[in-house]
Structure formats: structure tokens, C-alpha cells
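*Asks:* I have a structure here, written as C-alpha cells, and I will follow up with some questions on it.
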2 protein chains.
Amino acid sequence: MRAKILLVEDDASLVELVTYNLEKEGFDVVRTGDGEEALTLAEEEKPDLVILDWMIANLSGIEVCRRLRRAPATANLPIVMLTARGDEADRIRGLETGADDYMTKPFSPRELVARIRAVLRRLRPALQGGALEFAGITMDTTAHRVTRDGRTVQLGPTEFRLLRHFLEHPGRVFSREQLLDAVWGRDVYVEQRTVDVHIRRLRKAVNAGPGGEELADLIRTVRSAGYSLDATPVSAQVAA
Amino acid sequence: MRAKILLVEDDASLVELVTYNLEKEGFDVVRTGDGEEALTLAEEEKPDLVILDWMIANLSGIEVCRRLRRAPATANLPIVMLTARGDEADRIRGLETGADDYMTKPFSPRELVARIRAVLRRLRPALQGGALEFAGITMDTTAHRVTRDGRTVQLGPTEFRLLRHFLEHPGRVFSREQLLDAVWGRDVYVEQRTVDVHIRRLRKAVNAGPGGEELADLIRTVRSAGYSLDATPVSAQVAA
DNA sequence: AGACGGCGTAACAAAACTGTCACCAAAGCG
DNA sequence: CGCTTTGGTGACAGTTTTGTTACGCCGTCT
């Protein structure tokens, strides 16, 4: 899976250098030197990660970062910031604003690529083919294999993407609408109830034990809110 | 909200330095230098984040990380690892095993704090803005989860919103009318007595103890005024 | 072409939640 | 004290939400 990177930088020679190296490593690169445009591109191009220079035209990097974090569509888009060496105050402000990692200039292109891979591995494990794991469920995104307690689970493509989304954000509750956005795509119109049916199919597949019996259900229904992946057993809950 | 951090590190002077800085920044710190003990503490102390040195006694950091990820109770506990500078192989292995971030030694304490906040913000939005807490009651609005003294409390949608409103304004008394406005919506007409019923249901759920007995009632009835969330026990209120 | 597998929708069943009531208990009040 | 007002409680019937199954469509593979 090719990852798309939005590079926000206004030093032309640096843009060339970085673009060259990223593309060599198999990333798609979208570029701009303008803060306002960066926000637009982040929405439209749906990049998997943003590299953001702190000193850019038209909007400071920190402001771009803040706005990206505030917009729902980009709220958890990975951001790597670039700062001048030793500028610790900026670095800390950046992390506090919501950047996920930083590089100090000058940097080696190799290291930049390594860090980008690390951030993607951490925040978008699926992109790097790493394994996702949660409470006995394992997903190998490259091999498209899912196991529960060691046994292989058979999933259709949609159920696979659905489970992947849950595994990438364990514990968090998603509305049907959010799931449709994330799993089906922002521009596909399907009934919200469709989510229920796929949840059902996913549960059936994931909770099937070896002998045909049911295992604990790791998908929690939150009435009038949505669904979440959740390891808390019902037995630990207090009855109403 | 105070976050609790488990520090797994065996270099005594580093432990002191980090502990000092974390506590100064408002974190609670639990410490150990032992891998086995780290696993126990992670279960028992329920920390919000673990700082894990890669070189520790009794179990390697990587093994601790792996086991934390495997146990349901700690499967998505944020982990920040500490590695020696330039030890890239370890770093990659760590991230692949499930660490959420890393710091290379030596590091600045300020930056450690900033990174911890960044990780918590990303993985536990609950702790930053999504989580509400009062007198043993915890509400994680992103996970849609409520606990009392650590035990999960099961609430219906209306009770959830009602409790959230109280938690957002602890101690304040709300009339039935205000509650209808805030929780039901300004344009819904329902009987004011309906509030009583939902208060009743909320009390029942929140005050239910593990064995079926009643815990202290945290919802105070203010006669002819309304209700409030209040930790003051009745016995301490009136001097007859 | 025919078989197959996956997908979205509809329809019905089951479960959970909601608002109201009637009735009881407790708290003011003269 | 009795009376009045206010809140607590359990039941209930309607409604909403979710679970589950069935079915037809469509693209792929053979």
C-alpha cells in the first residue's frame, strides 16, 4: 500500500531533496509552501502523513497544525514537524499542539524516511504491513490474515477493513456514520443499517470458537452511539 | 485530571530525575526497576501510561511490552520506551512490538513531559478533554464508558447524558427545567417528573455496589430546587 | 454461460429505553 | 399533630434501536 505524504515546506531546494528521497522510498508526495493551501490539500488529497515546516508563508506551521487537529477529517492525521536545530521551545510547543514527531534541520534524508516510517508504523500500523493486535486478535495487514487466539479467522474484504479500523483505534466508540466514512469511504452512499449487518458478520466470524461455540464478544454495542472494540468482559460490569 | 504513570527503569538517578519532573508536572508516578514487577503493577495500579526502559532486570523491556500488549487489561495502555542513542534496531523492534513512542537517552525532562502529553493526547483523548471525573466516578466520553471505583457502570443513553451534565458542573444544583433543557433539549416537551425517574435510574446504576449493596448516594436532592452531584455525605450536612 | 462469493437492503424479531402514572414516603407547615 | 407539598419507586405500554435472516444484484472466476 503506497502512502501519500503532504510536504509543507517553502525552501525549494529542500523540497526537491525531500521529495526525491521520499519518492525513491515508495511514497507519493504532494507539495505546497503555503499554509492555507496546506489545509486545503490535507482535506482534499487525504494524505497519510503531513511533513510540516514550522516557518512557512501565510500561516505559521503551528497554526496549520492546530487547525488540522481541530478539523474532524484531519484530527488524527500524523504530523511530523521540521524545526531549526536546538529550538527546543518550538519543539515542545509543537508536540503540545499535536505534532507526532519532529526533525531538526539539517537532517539526513535517510533519517527522515526512517522517522516517517516509524510514525506511520505507530499511528497507521496498517500502512506499513505491521501486525495489529488487541486482546487476542491479530491482524497481519500485508498477508491479509486475521487470527483469534491463534486460530485463523476468515473475513470478507469489508469485514477486514472494519476490523482493521477498530484495531487501529481500540476502545473508541464509532458511530455508524463515522464507520461508513472510515471503512466504506467518505463519498459512498449506503444505508447506515448496512453497518449493523457487517458488524454482525464480523462478530460471527471473530467470535466463532473451534468447536462451533461462541467466544466472548469483543465488539461492544453502545446503544444510540455506535460500536467499539472492547476487551472488558460483561461480567465485570455492574447491573443496572 | 491527574494521570498516573508507571516508570520502569533501573538507573536510580534517572528514576529520581524523571520522577521529580513528572510529579512537578502533575503526574502521579509509580516506579519499579524489575520487569516482572512491572507487569504486576501495570495490572494493579492501572496506570494511564508506562515509561519503559529497554534495558531492565528480570525481563527485557521488549518482553514486558509484548506481554502488556497481549493481556486484555493492558492491551492498549500507552507505552513510551527509553533507548540508548542511536540504537535504531531496538527502536524499530520496540515500535513493532507495540510501543507508542520512544525517547533516546539522554533526553531533556521537559521534552519527555511534552512527549508524554502528546502520547496521552493521541491515545487517551479521554484524559485531556474527553474524560470527566468526580468522587470516584469516571466518564470516558470517547469510549462511552463510566466507572465507579474502577467498576464499569452500565447506563442508558439518557442517564449517560444526564450524568455527563452533572460531571461537567459538579456541585451545582439544577432545576428539573434546566436539566430538561440541557439533557433532553430545549424543544422537547416532557413532564418534569420524568427527570425524577431518570435520576432514580441513574442513582440505581451508579450506587450499585459489587455485591448488590448500596454505595453512598452522590446525587443530592435539593428539595423544591432540583438535583446536584455532591460528594458530601448526608451525615455531615446538617447540624440539628 | 454458470457458479460462487460478497454486498447492500428489506423485513421481521428481540431487546433496550422512554415517558407517564399511580401510589407511597418524607418533609414542611400552621 | 393532621394537612399539604414534594420526591421516591415500581410497573407498564409504546417506541426506538439493534440483531438476525433472507434475498436479489453484481462482479469474478472457470
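The values are calculated or read from the model by the stated rules, or taken from the named source; none is laboratory data. No experiment lies behind these values; they were computed from the predicted model shown. Note that each Cβ is placed from the backbone with ideal geometry, even for glycine, and that neighbours are counted across all protein chains shown. Side chains included, ligands, DNA and RNA excluded: accessible areas come from the protein's heavy atoms. Shrake-Rupley method; radii C 1.70, N 1.55, O 1.52, S 1.80 Å.
*Asks:* Rounded to the nearest 100 Å², what is the buried accessible area between A and B, both sides summed, probe 1.4 Å?
*Replies:* Rounded to the nearest hundred, the buried surface is 2900 Å².
*Asks:* In whole percent, and with a 1.4 Å probe on the protein chains, what portion of the accessible area of the stretch B:134-183 is carbon and sulfur?
*Replies:* Heavy-atom surface of the stretch B:134-183 belonging to carbon and sulfur, 1.4 Å probe: 44 percent.
*Asks:* Across the residues of A:167-175, average count of Cβ atoms on other protein chains within 10 Å?
*Replies:* Going residue by residue through A:167-175 and averaging, the value is 4.
*Asks:* Turning to a different aspect of this structure: Could you pull out every residue, at least 5 positions away or on a different chain, whose amide H is within less than 5 Å of the one on B:ASP28? Hs are placed 1.01 Å off N in the peptide plane, and Pro or chain starts have none.
*Replies:* When sequence neighbours closer than 5 places are left aside, the close amide H contacts are B:ALA3, B:LYS4, B:ILE5.
*Asks:* While we're here: How do B:ARG200, A:ARG164, A:ARG110 stack up against each other in accessible area, from largest to smallest, with a 1.4 angstrom probe?
*Replies:* Order by accessible area, largest first: A:ARG110, B:ARG200, A:ARG164.
*Asks:* For the stretch B:130-236, what is the accessible area per residue in Å², given a 1.4 Å probe and the full set of protein chains?
*Replies:* Numbers: 5570 Å² over 107 residues.
With all protein chains present, the stretch B:130-236 gives 52 Å² per residue.
*Asks:* Here is a further query. Just read off the accessible area of B:LYS204 with the full protein assembly in place, 1.4 Å probe, to the nearest 10 Å².
*Replies:* It works out to around 100 Å².
*Asks:* At most 11 other Cβ atoms within 10 Å and a DSSP loop assignment: could you name the GluC sites (Glu not before Pro) in the stretch A:135-192 that fit?
*Replies:* Within the stretch A:135-192, the qualifying GluC sites (Glu not before Pro) (loop, at most 11 other Cβ atoms within 10 Å) are A:GLU191.
*Asks:* Continuing with this model, one more query. Tell me, rounded to the nearest percent, the portion of alpha carbon pairs in the stretch A:129-236 spaced more than 20 Å apart.
*Replies:* For the stretch A:129-236, the share of Cα pairs beyond 20 Å comes to 36 percent.
*Asks:* Could you tell me the calculated FRET efficiency between A:LYS4 and A:THR142, based on Cβ-Cβ distance and R0 = 22 angstrom, to the nearest 0.05?
*Replies:* It comes to 0.75.
*Asks:* Over 32 Å between Cα atoms, which of B:LYS4/B:LYS105; A:LYS24/A:LYS46; B:LYS46/B:LYS105; A:LYS4/B:LYS4; A:LYS24/B:LYS4; A:LYS46/B:LYS4 qualify?
*Replies:* Table pairs above 32 Å Cα-Cα are A:LYS4/B:LYS4; A:LYS24/B:LYS4; A:LYS46/B:LYS4.
*Asks:* Continuing with the same structure: Arrange the residues A:SER228, B:SER13, A:SER175 by how much accessible surface each exposes, largest first, with a 1.4 angstrom probe.
*Replies:* Ranked list, largest accessible area first: B:SER13, A:SER175, A:SER228.
*Asks:* Take peptide B:11-23, look around each residue's Cβ out to 10 angstrom, count Cβ atoms belonging to other protein chains, and average those counts.
*Replies:* Mean partner shielding for this stretch: 0.
*Asks:* Amide H to amide H, which residues 5 or more places from B:MET81 or on other chains are under 5 Å from it, using H placed in the peptide plane?
*Replies:* Under 5 Å from the amide H of B:MET81 lie the amide H atoms of B:LEU52, B:ASP100, B:ASP101, B:TYR102, B:MET103, each far enough along the sequence or on another chain.
*Asks:* Here is a further query. Can you send over the solvent-accessible area of B:ARG203, 1.4 Å probe, protein chains only, in Å² to the nearest 10?
*Replies:* About 50 Å², rounded to the nearest 10.
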